[in-house]
Protein chains: 2
Amino acid sequence: MNKRLRIAQIAPLIERVPPKKYGGTERVVYHLTEGLVARGHEVTLFASGDSQTTARLVAPVTEAIRLGRRVHSPEIMTMLMLQQVYGRMLKEFDIVHSHLEFMTFPFAAVSDVPTVFTMHGRLDSADYQKILRSYRHLAFVSISDAQRRPIPDINWAGTIYHGYPPSSYDFNDAPDDYFLFLGRFSPEKRADQAIMMARACGIPLKIAAKIDPADREYFEARIRPLLNHPLIDYVGEVDETHKRYLLKNAKALLNTIDWPEPFGLVMIEALGSGTPVIVRRCGSAPEVVADCETGFLCESRMDFINAIRNIGRISRRHCRDEFLRRFSDSSMVGSYESLYYDLLRQRFFENKINEAERIPPSSETISRLAGSAEIK
Amino acid sequence: MNKRLRIAQIAPLIERVPPKKYGGTERVVYHLTEGLVARGHEVTLFASGDSQTTARLVAPVTEAIRLGRRVHSPEIMTMLMLQQVYGRMLKEFDIVHSHLEFMTFPFAAVSDVPTVFTMHGRLDSADYQKILRSYRHLAFVSISDAQRRPIPDINWAGTIYHGYPPSSYDFNDAPDDYFLFLGRFSPEKRADQAIMMARACGIPLKIAAKIDPADREYFEARIRPLLNHPLIDYVGEVDETHKRYLLKNAKALLNTIDWPEPFGLVMIEALGSGTPVIVRRCGSAPEVVADCETGFLCESRMDFINAIRNIGRISRRHCRDEFLRRFSDSSMVGSYESLYYDLLRQRFFENKINEAERIPPSSETISRLAGSAEIK
């Protein structure tokens, strides 16, 4: 039997855990933390003070930085948090799991407690790859195989797909006749293509999407002129309840997104509702959607049009089953749990092997590592 | 005789060294680096690729971030630079001197090569003080005694005033009859008070100041209405040549600034030209200006008015002499050089004392510290 682990989860401080509205990373951290607590682990969540959790919460800021009053700088608050984790508190943990990426690297590199990094973003920037390569020995988790393709040569400990609780979505086998576009109006989401496709096929399209201030100009110039059409129903930005309702009643999610998204959370939300996904073959899409089984992977305009026409061939029950099998929170939590045990076993055997030749760091070194004031 | 040192200077990447226009930190780093090279040291300057230096330049970005094309994130570029310094290249240095502050702390804390930190900003934020205290054992240099007052309880290695080359300013004992306000139009600079004082005393005031986009609204509402007066001459934003001309011909610098500025570079630029400084008694002012000798320290409106009336009592020659004695680049460079030697001597004796009990880090530890790819 595996022992109960003492786990530190480090979340970004920008949004609370779970986020009030958007914020995929913080929502995943929420479900992961809840799941680990439910399995009996002793979890400490480092996150903003307005976070909700059944774990022990350690909060370097009272409110999520995006919403709260001005702090000196997000980077400084993040560094204070990392010092707490890797300084005085480190002896309280068997494993650290960071969702922050690069700011944590220098701390993790000198820590005796292993750190797991979940990479939440794109990895195709040359600058970012340089920094990843110089910390390549750390343990990285990708959220899709596609995500790691630009940089295969670092220590990937595995791919673990995001998962959400099955109870968050209602299975529905008798949808309405509309298709759904869900997300944001930004150029790479290609809402314009979803609209053109709906008009070409003569199908109703509901659009639930927010407009970020940065995308306002794009929206006015490129999207708003397309909305005034009897088939197109723009319902604005929606809350969780409304989203759940729109998802389960949609004939399909029309996901015209055109960028290598590391993991498309909206796709698993659709599948969880029994709603198939029509998506461009890019990024994580081929890993989330099985072509002709839980939706369609499209490349050309004709592919999209054929997919819309053939959507009745997809079993909605199968979509929900695949969600339960591959994208539930418990499947995600179980994968991380196994990974933690693997890393600890690995570290244990490395230590055994190195024991004879290995010299433990002096207490002076340890105190310097952590910043002297952090150690008594 | 002291040995030649191998010194790493780490500059911010936001501006080039020296900056094209504004940027006090980068200008100070420039003169310090040039001075150390002139004294025969082997200096490596880590800075943006468009920097100018006689030292060896190592540049993680080709252009200053504020001007150049978009990089992944300034923090990532900064971390790459820090890895270069503290990773593979560390053995090339006897001492590291960082002008970056907190991003460098975790690297410096585990480095065997001592790091000197020059603190360039205000230190009165509680968050920032927390992080400083947890790295309090590092070696900090304040740029005025006033700057360190909010946090006296960290390892201050000394106060070293900024210095500029005497040749950058022309001494002039026969000025025109105008007073000068030089800087930016931001609320804490109180250009409005300088204008009111000039009008109250009936003296001509030249204003050379830039308007940052952030201050545009303040300028239009609070300053522009005051400019339309026969005594007030707003000359716009000026280049170095124009500034030098305005400084040497001014009867005095009217520095109505109202915030605890850690070091007022504009004051030493005035003194270098033989121009006395009338300044509010706050921040570094009492350390830079000797009351009734190189200018006047003022608290009330009456103090300012009396200072303007009595400006003829100040010897311009004495102002220049005090600049030469205390605020030349060579005095700054000499102080840093002594500090470097002090730290190395101190580290040497610490090592001697600890030698018996001290266990050197294993090569495995060293390679983990630096990021394994950085070490062969």
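The values are calculated or read from the model by the stated rules, or taken from the named source; none is laboratory data. Only a predicted model underlies this, so the values are computations on that prediction, with no experimental measurement involved. Cβ placement follows ideal geometry from the backbone for every residue including glycine, while neighbour counts extend to all protein chains displayed. The protein model used for the area step is the full one, side chains on, heavy atoms only, and it has no ligands, DNA or RNA in it. Shrake-Rupley method; radii C 1.70, N 1.55, O 1.52, S 1.80 Å.
Structural remarks
- Residues of the stretch B:129-162 that lose at least 30 Å² of accessible area (1.4 Å probe, protein heavy atoms only) when the other protein chains are present, relative to their chain alone, are B:LYS130, B:ILE131, B:SER134, B:TYR135, B:HIS137.
- Counting every pair of alpha carbons in the stretch B:83-133, the share spaced more than 17 Å apart comes to 36 percent.
- Modelled spin-label separation between B:ARG347 and B:ASP233, with each label point placed 7 Å from Cα along the Cα-to-Cβ direction: 5.3 nm.
- Over 23 Å (Cα to Cα) - which of A:LYS20/A:LYS91; B:LYS21/B:LYS189; B:LYS20/B:LYS243; A:LYS21/A:LYS91 fall in this group: A:LYS20/A:LYS91; A:LYS21/A:LYS91
- Residues of the stretch B:306-341 with amide N under 13 Å of a point placed 7 Å along Cα→Cβ from B:ASP291: B:307
- Computed log10 I(q)/I(0) for chain B at 0.07, 0.13, 0.15 Å⁻¹: -0.35, -1.09, -1.35, from the Debye equation with unit scatterers placed on every C-alpha and solvent omitted.
- Anisotropy class assigned to the stretch B:191-263 is rounded, per the alpha carbon gyration tensor with a/c under the 1.5 cut-off.
- Taking B:GLY236, B:GLY272, B:GLY121 in turn, the Gaussian network model of chain B (Cα-Cα springs below 10 Å) assigns the largest fluctuation to B:GLY236.
- Summed buried accessible area for B+A [probe radius 1.4 Å, Å², rounded to 100]: 3500
- Surface composition of the protein assembly as shown: carbon and sulfur atoms hold 49% of the protein heavy-atom accessible area at a 1.4 Å probe.
- Cβ-placed point charges (K, R +1; D, E -1), dipole of the protein assembly as shown about Cα centre in debye, nearest 20: 80
- One way to sum up the overall shape of the stretch B:169-322 is the equivalent ellipsoid from its Cα gyration tensor, whose semi-axes run 22, 16, 16 Å, largest first.
- Annotation: the stretch A:73-213 has a Kirkwood hydrodynamic radius of 18.8 angstrom, from the mean reciprocal C-alpha pair distance.
- Anchor B:LYS130: lysines whose Cα lies under 19 Å away (excluding residues fewer than 8 positions away in-chain): A:LYS376
- Helix-only mean residue ellipticity at 222 nm for the protein assembly as shown, each DSSP H run of n ≥ 4 adding -39500 (n - 2.57), per residue, nearest 500: -10500 deg cm²/dmol
- Take B:ASP176, push a point 7 Å out from Cα through the beta-carbon direction, and compare it with the same point in every other copy: 7.4 nm, smallest first.
- Accessible surface computed residue by residue for chain A, with neighbouring protein chains in place and a 1.4 Å probe, gives 42 Å² per residue.
- Projected label points at B:ARG313 and A:SER168, each 7 Å from Cα along the beta carbon direction, are separated by 7.4 nanometres.
- Calculated Rg and Dmax of the protein assembly as shown using C-alpha coordinates, Å: 30.8, 96
- Relative pair counts by distance (%), Cα atoms of the stretch B:20-82, 5 Å bins: 4, 17, 26, 24, 18, 8, 3, 1
- The dipole here belongs to the stretch A:169-322: it is taken about the Cα centre, uses +1 on the Cβ of Lys and Arg and -1 on the Cβ of Asp and Glu, and is about 380 debye.
- At 7 Å out from Cα toward Cβ: B:LYS20 inter-copy label distances (nm, ascending): 4.1
- Between helix A:329-354 and chain A there is an angle of about 30 degrees, using the helix long axis and the longest principal axis of the Cα atoms.
- Label-point distances for B:ASP112 to the equivalent site in the other copies, using a point 7 angstrom along Cα→C-beta, read 2.0 nm when ranked shortest first.
- Taking the chain by itself as reference, the stretch A:91-117 contains these residues with an accessible-area loss of 20 Å² or more in the full protein complex (1.4 Å probe, heavy atoms): A:PHE102, A:MET103, A:PRO106, A:PHE107, A:ALA109, A:VAL110.
- Comparing A:ASP329, A:ASP170, A:ASP153 in a Gaussian network model of chain A (Cα springs below 10 Å), the most mobile by mean-square fluctuation is A:ASP153.
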